[in-house]
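K.L.:
Below is one structure. I have some questions about it.
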Amino acid sequence: MLHVSRNLALKMRPRGAAFSVTAEPHRYRQARLALDLAMTSVFGIETGVLWAGSRGVRDIAFARQVAMYLAHVSCGMTLTDVGAMFGRDRTTVSHGCLKVEFHRDDPLFDRALDLLGWALPTLVMRSETRRTH
């Protein structure tokens, strides 16, 4: 009985991969594609590793944190929506955003993040306008 109560208190749940493309709303699908393109280009990681259920190596985890930060700040998504898109909890997204904010003290990283923050909404809007025409 104690084991069950402990699991309920910790709210243990299996962490799976992020939502499939068919389960996502259309607007988040475009943001997901733009984030995947931007992070693979900038960080040199393979396509799709951002959405894996496991943490991965340090470089992939940091790229995922930057992607979560950009989804929240540049795309205007809530922490809950970003967490749902990445298959993570909103508190995990908040922690990732805080870690990225700490790295903004580096002027080169800050400039790169500013450029990504400018380009990402443009990529999302561009792919949405292509779909409507």
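Quick note: the coordinates plus some simple rules give every number you see, no bench work behind them. Just so it is clear, the model here is predicted, and its values are computed rather than measured. Here the Cβ positions follow ideal geometry from the backbone for every residue, glycine too, while neighbour counts run over all protein chains shown.
K.L.:
Considering just Cα atoms, how many Å³ per residue does the convex hull of the stretch 25-132 enclose?
P.N.:
Normalising the Cα hull of the stretch 25-132 by residue number yields 92 Å³.
K.L.:
Shifting gears a bit: DSSP loop (so not H, G, I, E, B), at most 16 other Cβ within 10 Å: list which chymotrypsin sites (Phe, Trp or Tyr not before Pro) in the stretch 66-107 pass both filters.
P.N.:
none
K.L.:
Compute the signed sum of charges (Lys and Arg +1, Asp and Glu -1) over the other residues within less than 14 Å, Cβ to Cβ, of Ile45.
P.N.:
Here the count lands on 0.
K.L.:
So how far apart, in nm, are the two label points at Arg55 and Lys99 if each is 7 Å from Cα heading toward Cβ?
P.N.:
0.8 nm
K.L.:
Explain nothing, just compute: Karplus ³J(HN,Hα) = 6.51 cos²θ - 1.76 cosθ + 1.60, θ = phi - 60°, for every residue of the stretch 75-92 in order, whole Hz, x for Gly and Pro.
P.N.:
Listing the rounded values in order: 8, x, 7, 6, 4, 5, 5, 5, x, 5, 5, 8, x, 10, 7, 5, 6, 5 Hz.
K.L.:
Further, regarding this structure: Just grab the label-to-label distance for Arg90 and Leu115, each label 7 Å out from Cα along the Cβ direction, in nm (one decimal).
P.N.:
3.4 nm
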